[in-house]
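Remarks on the structure that follows.
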Amino acid sequence: CCETLRIRYLNRAARNRVGWSLQDASAKTICDTVATFDVDAFHRKTAALLDGSQTELTVELTFPTGPIEVTTKLVTIAGEGGFFVSAVRDLTERKSLENAKLQTVSTVSHELRTPLTSIHGALRLLKAGVISKLDDKTHGVVDIASRNTDRLLSIVNDILDFEKIKCNKMDFSINGMDLVQCLRDTVELVSGIAAEQEVTLEIDNSLTSATVLGNADRVGQVITNFASNAIKYSPKGGTVKFSIAQDDGSIVFSVKDQGPGIAPEQQRVLFKPFSQARAGDGSKRPGTGLGLAIVAAILQRLEYPIGVTSEVGAGSTFSFRAPAHLVIQTQTSCKRRTGTI
């Protein structure tokens, strides 16, 4: 029950997991399922279901019996009110396979990072003409090598970042941060990539500032990933639009591209590690399959709900929401601002 959190029904598998009989379950609340249950965190997570901003909520939890995935929906029964309906999946085997794969690639990545950084630095010196002036043909070869080294370093950094999150070694210190300024800084950072791909970046915003509780480095990482993906999947001459808006006390960030879109069945694997969704045009772009998994893990830690809407042939929109209780202050300009980079 949404109001009392009392359990209406548990099937046999769920009762076996917590060691209750059917009679025991009828006298319990969801808070009794585990000794470390955080009621406040539960209410924050399910607020998006109650206000209608999300229709389904999926979280991963660690029980004494092992890791689980809980998918929750809100249903209303006439005359009885609202109820949370949750499906629990055992992730023990999946996590074991993921951890084995991550451990292997992380070990290799640590070994690769130092020589790759040295090669990258040497190639940049060559490109800049510090060592000697290059003819056009040699400069083109060095440029190709430099771009591919950038890509390899990006892959290595993704793997190491994902390992840090899994091992709780990534900094998630929470402070007041300006989401609008974070967006501007990040868009400036990726503007060079957009120019290379002949993609226009546009910021559509009515807020001059939006101070929220978060971590500027982690939020910048999320926006950078969203922006890079949007640019990568946009056609030449296309536009990627960024937006920050107020919505019932919350602050919603979104980035919309004009790419091929993503079919519903492919959207299910978007945020899973080492998985790459196939775009609506049937093609797959280069990548580790970790970028959006890192984004999802970061936003889960920050307690910012993530969202995606996409239609094949009509582009995709990725978003996250800073809930109202994490919003400190906003300032609105007299008129909506639209900037193109």
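From Cα coordinates alone, what are the radius of gyration and Dmax values for the stretch 187-281 in angstrom?
14.5, 39
With viscosity set to 1.306 mPa s and temperature to 10 °C, compute the Stokes-Einstein D of the stretch 146-242, Rh being the Kirkwood radius across alpha carbon pairs; µm²/s, no decimals.
The calculation lands on 107 µm²/s.
Report, to the nearest 10°, how far helix 92-128 tilts away from the longest principal axis of the Cα atoms in the chain, using its own Cα long axis and a range of 0 to 90°.
Helix 92-128 and the main axis of the chain meet at about 20 degrees.
Anything over 21 Å Cα to Cα? Flag those among Lys45/Lys73; Lys164/Lys232; Lys45/Lys101; Lys236/Lys256; Lys95/Lys272; Lys95/Lys169, in the order listed.
Lys164/Lys232; Lys45/Lys101
Restricting to Cα atoms and excluding each atom paired with itself, what does the Kirkwood estimate give for the stretch 1-117 in Å?
Radius from the Kirkwood sum: 16.7 Å.
Using DSSP, restrict attention to beta bridges with both residues in the stretch 182-269 and report what percent are antiparallel, rounded to the nearest 5.
Around 55 percent of the beta bridges assigned by DSSP in the stretch 182-269 are antiparallel ones.
What number, in percent, do you get for the relative contact order of the chain if the mean sequence gap of Cα pairs under 8 Å and at least 6 apart is divided by its residue count?
Computed value for the chain: 13 percent relative contact order.
What is the spin-label model distance, in nm, from Ile328 to Glu265 if the labels are put 7 Å beyond Cα along the C-beta direction?
Those two pseudo-labels are separated by 4.7 nm.
To the nearest 20 Debye, how big is the dipole of the chain about its Cα centre, given +1 on the beta carbon of each Lys and Arg and -1 on that of each Asp and Glu?
480
Please work out whether the stretch 55-143 counts as rounded, prolate or oblate from its C-alpha gyration tensor, where a ≥ b ≥ c are the square roots of the eigenvalues and a/c under 1.5 means rounded, while otherwise a/b larger than b/c means prolate and anything else oblate?
The shape class here is prolate.
Among 157-163, 70-76, 236-242, what's the highest-first ranking by average C-beta atoms within 10 angstrom per residue?
157-163, 236-242, 70-76
Taking R0 as 25 Å, what FRET efficiency do you get between Leu22 and Leu61 from their Cβ-Cβ distance, rounded to the nearest 0.05?
For R0 = 25 Å, the calculated efficiency reads 0.60.
Towards the positive end of the charge dipole of the chain, with charges on Cβ (+1 Lys, Arg; -1 Asp, Glu), say which of Ala145, Asn205, Ile262 has the farthest Cα.
Ala145
Is the shape of the stretch 194-233 best called rounded, prolate or oblate, per the rule: a/c under 1.5 gives rounded, else a/b larger than b/c gives prolate, else oblate, with a ≥ b ≥ c the square roots of the Cα gyration tensor eigenvalues?
oblate
Roughly how many nanometres apart are two label points built 7 Å out from the Cα toward the Cβ at Glu80 and Asp171?
5.1
Whole angstrom only: what separates the Cα centroid of the stretch 70-127 from the Cα centroid of the stretch 159-205?
If you average the Cα positions of each part, the centres end up 18 Å apart.
Of Thr330, Thr4, Ile131, whose Cα points farthest to the positive end of the dipole of the chain (charges on the beta-carbon: +1 Lys, Arg; -1 Asp, Glu; origin at the Cα centre)?
Ile131
Pick out, from Ala314, Gly82, His120, the residue whose Cα sits farthest towards the positive end of the charge dipole of the chain, with +1 on the Cβ of Lys and Arg and -1 on the Cβ of Asp and Glu.
His120
Report, in deg cm²/dmol and to the nearest 500, the calculated mean residue ellipticity at 222 nm for the chain, where each DSSP H run with n ≥ 4 adds -39500 (n - 2.57) and the sum is divided by the residue count.
Helix-only estimate at 222 nm: -14000 deg cm²/dmol.
Using C-alpha positions alone, give me the convex hull volume of the chain per residue in cubic angstrom.
173
Need one word for the stretch 114-183: rounded, prolate or oblate. Basis is the Cα gyration tensor (sqrt eigenvalues a ≥ b ≥ c); a/c below 1.5 gives rounded, then a/b vs b/c decides.
It comes out prolate by the Cα gyration axes.
Hey, what angle do you get for helix 291-302 against the long axis of the chain, alpha-carbon based, 0 to 90 degrees rounded to 10?
50
Top mean-square fluctuation among Ile77, Ile294, Ile144, Gaussian network model of the chain, C-alpha springs under 10 Å?
Sorting by GNM fluctuation, first place goes to Ile77.
Which residue, Leu134, Leu112, Leu123, tops the fluctuation ranking in a GNM of the chain built on C-alpha contacts under 10 Å?
The residue that fluctuates most here is Leu134.
The numbers here are math on the coordinates, done by the rules we state, and not lab data. Here the structure is a predicted model, which is why all the values come from computation and not from measurement. Note: ideal-geometry Cβ built from the backbone for every residue, glycine included; neighbour counts use all protein chains shown.
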